[in-house]
């Protein structure tokens, strides 16, 4: 009942395969909807935040404000997924080179309500990914090649996935993508990738350059 | 050492000032430079912007990329420390379980208070704003006219430094020539809004903000502020020279280590401390105004938070500038819980906030914009003052008071949150996602309604009969109510912003609800709480007279937002400072004549 044919499948076939896998594994919504407590699949967050008067001038690495909870396999899975979402290319380096996986770890480990609400989805989603990789490719997620990672992502990156019983897998992927984008684009490399220029002292502020004004059909009105 | 502990305080002072923000800071400045011996009580810790402000720190250097948490409500790098919507051990309560009848109370606990992180928007009230009841029969007139406050607005603008232009528009006062600093250039989204706003009659133009776009003129301004007082002139000039002009980077909400924007801690307190006439006691949480058997104030009872002990400080005059809510709380808790200055029964009544709602839009014209630096002055450059006074006067509108529009583009430093909305990149990952992010980044604009709320009987605070804070002091219980005027106002704003976005060829984002009660910002959320000890012409229907002086206790002054008789759409801080300076001048004169 599980199709391990490594040949590249059509998009429709991929979706069907995932539906079949889901049925076999109960790893679609059935696996994710329970959203079991995270203790079984990761460490327990410390529950202590940085307080109301933290030192704002020092540099913090993930893990310094509170302990991280990811196990090695979870780190590897997150790293592989983040680098598929935001790979090294002509627009800049990979997500993992910018500390994005560690940020995700910091996020699920954080003691605050918003992050705690995301934790079951992310931890269960990582378990689901690991199961899917073994079932589909007989590999760990971190050992998948690019085409294989894309195949996994194709099934869950789009609301179409909702129709084939992957509501929570789609939610998981979108959450990971949103968190990874936030983390990536808040680094100097991410700034360059997205086109943010600033955070540097200037002697004067000239407003948008001529090419921008012309492109928008506007004029500088403050002289 | 001017920042002192309780044990180092003097036996008695001329004036004790409770609170160190815009009102307390202005009072301390004016009084100490006039030679009065002052002591300031601040409930939070000492705070030193020059040493503590994270100026160029990046989100990736902070926990959770600097995103907001319950411990840092506006993000890790926001200047507010030890404060926010909730303060541990210092609760407040709501009289109603209904969301729309609740008030959210922002309380910083730090030297300088809200002035450390505020938006620096510094708009003068106009002539109409002081006499609203005379114009439309609603709310209350102030016992002060624009003409009386005008010179004080000018003095405050010269002292703190405000950029902007004179527009000559109705009820949007000009400053005298040469007072305002040069306005910053418009950014792309601001100029685009200006262009399309014109076709709808919406006048986007340079906003007024307390940021130095060039150094203050320390050679000439001090003599204009303090004629016949060379000593004060010298101290103020020294303080002005210590402030640098803006270097066009970093958000003002972080505060400013170089003093390029106004915060009490970098503008009001340095010259006041340099006089040697000001002691500041931090971690001093005021509990009561002390009064004697003749009904005169004799000082303040406070908790020294470092020891938990009750302490007293004595003074000939007491000034409360603790924020509307906290000032009300102190007044009601005074005199052994019987209250002071409350023969009118109006202490705590007529609390107002600014009316707010926000609409964001995505503008295709702004997609794929060539990268360029739009950090600017660390906040807004443009706004639109209220433009429909005539329509309101002729009875064409279904709400009585106006709003101004604050706006923002999105080509700013990504702050750790996804800078591109998820729905715009649906289904994408990999290089195509990065390309889409680059395309859409900077293409969002947002418009905020900032409108006038009319005081009403249903918006007030009182002492909770049961709940106390960790020192055993009764806490505030809030009541809130919007009238049709505010709800119709936000409905108008929402419709207008939608039209503007569509006129620009864009699409409105996330239309949450059609019900104004669901899209109006909840009470307190704009953090412009004023009222609670309103000023008026008669003791029976006001708490303060025209000099911010309580009718009942003539040596008790209130110099925060509490005496506001209305809350025009203009942000309250500049008016708090102008009123405080004026009240301080009156206090000095009365003290000189032996009337206090």
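None of the figures in this text is laboratory data; all of them are computed from the coordinates on show. Just so we're clear, the structure is a prediction, and the values are computed from it rather than from any experiment. Glycine gets a Cβ as well: all are built from the backbone with ideal geometry, and neighbour counts include every protein chain shown.
For the reader, a short list of remarks on this structure follows.
- With a Förster radius of 45 Å applied to the C-beta separation of residue B:218 and residue B:592, the computed FRET efficiency comes to 0.95.
- Antiparallel bridge percentage (DSSP; both residues within the protein assembly as shown; nearest 5): 65
- Pairwise alpha-carbon distances in the stretch B:1-153 exceed 20 Å for 67% of all pairs.
- Translational D in µm²/s for the stretch A:46-103 (Stokes-Einstein at 37 °C, 0.692 mPa s, Kirkwood Rh from C-alpha pairs): 248
- The long axis of helix B:230-241 is offset from the longest Cα principal axis of chain B by roughly 30 degrees.
- Over 16 Å [Cα-Cα, the stretch B:2-89], rounded percent: 66
- Per-residue mean of foreign Cβ neighbours for A:147-158 is 2 (Cβ atoms of other chains, 10 Å radius).
- Using C-alpha pairs below 8 Å separated by at least 6 residues, the relative contact order for chain B is 23 percent.
- Compared with the dominant principal axis of the Cα atoms in chain B, helix B:324-337 is inclined by about 30°.
- Peptide B:416-422 has a mean shielding of 6, counted as Cβ atoms of other protein chains within 10 Å of each residue's Cβ.
- When the Cα convex hull of the protein assembly as shown is projected onto planes of every orientation, the mean area is 34.6 nm².
- On the principal axes of its alpha carbon atoms, the stretch A:132-223 extends 65, 28, 21 Å, with the longest extent given first.
- Relative contact order, percent, the stretch B:270-373 [alpha-carbon distance under 8 Å, six or more residues apart]: 18
- Principal semi-axes in Å for the stretch B:38-116 [√(5λ), Cα gyration tensor, largest first]: 26, 20, 9
- Diffusion of the stretch B:264-412 by Stokes-Einstein, at 37 °C in a medium of 0.692 mPa s and with Rh set to the Kirkwood radius over alpha-carbon pairs, works out to 157 µm²/s.
- Relative exposure of B:111, A:179, judged by other C-beta atoms within 10 Å (fewest first): A:179, B:111
- Alpha carbon convex hull of the stretch B:410-538, volume per residue in cubic angstrom: 221
- Order by protection proxy (mean Cβ within 10 Å, highest first), peptides B:532-538, B:316-322: B:316-322, B:532-538
- For the stretch A:88-223, the relative contact order works out to 26 percent when only alpha carbon pairs closer than 8 Å and six or more residues apart are counted.
- Value of Rg to Rh for chain B (Rh from inverse mean 1/r over Cα pairs, i.e. Kirkwood): 0.96
- The radius of gyration of the Cα set in the stretch B:90-233, together with its Dmax, comes out at 19.5, 57 angstrom.
- For the stretch A:43-96 and the stretch B:227-285, distance of Cα centres in Å: 39
- Inter-chain Cβ neighbour count for B:382-390, averaged per residue, equals 0 (cutoff 10 Å, partner chain atoms only).
- The Rg/Rh ratio for the stretch B:61-105 is 1.09, where Rg is the radius of gyration of the alpha carbons and Rh is the Kirkwood radius.
- B:422, B:353 arranged by Cβ crowding within 10 Å, fewest neighbours leading: B:422, B:353
- Per-residue ellipticity at 222 nm computed for the protein assembly as shown from its helices equals -9500 deg cm²/dmol, with DSSP H segments shorter than 4 residues left out and the rest contributing -39,500 (n - 2.57).
- Convex hull per residue volume in Å³, alpha carbons only, for the stretch B:496-539: 148
- DSSP bridge pairs, chain B: antiparallel proportion in percent, nearest 5: 65
- Each eigenvalue of the Cα gyration tensor of the stretch B:478-592, multiplied by 5 and square-rooted, gives one semi-axis; in descending order these are 39, 16, 10 Å.
- Anisotropy class of the stretch B:522-572 from Cα gyration tensor, a/c 1.5 cut: prolate
- Residue exposure proxy: B:199, B:324, B:410, ordered by other Cβ atoms within 10 angstrom of their Cβ from fewest to most, comes out as B:199, B:410, B:324.
- Taking the longest Cα principal axis of chain B as reference, the axis of helix B:188-199 is set at about 80 degrees.
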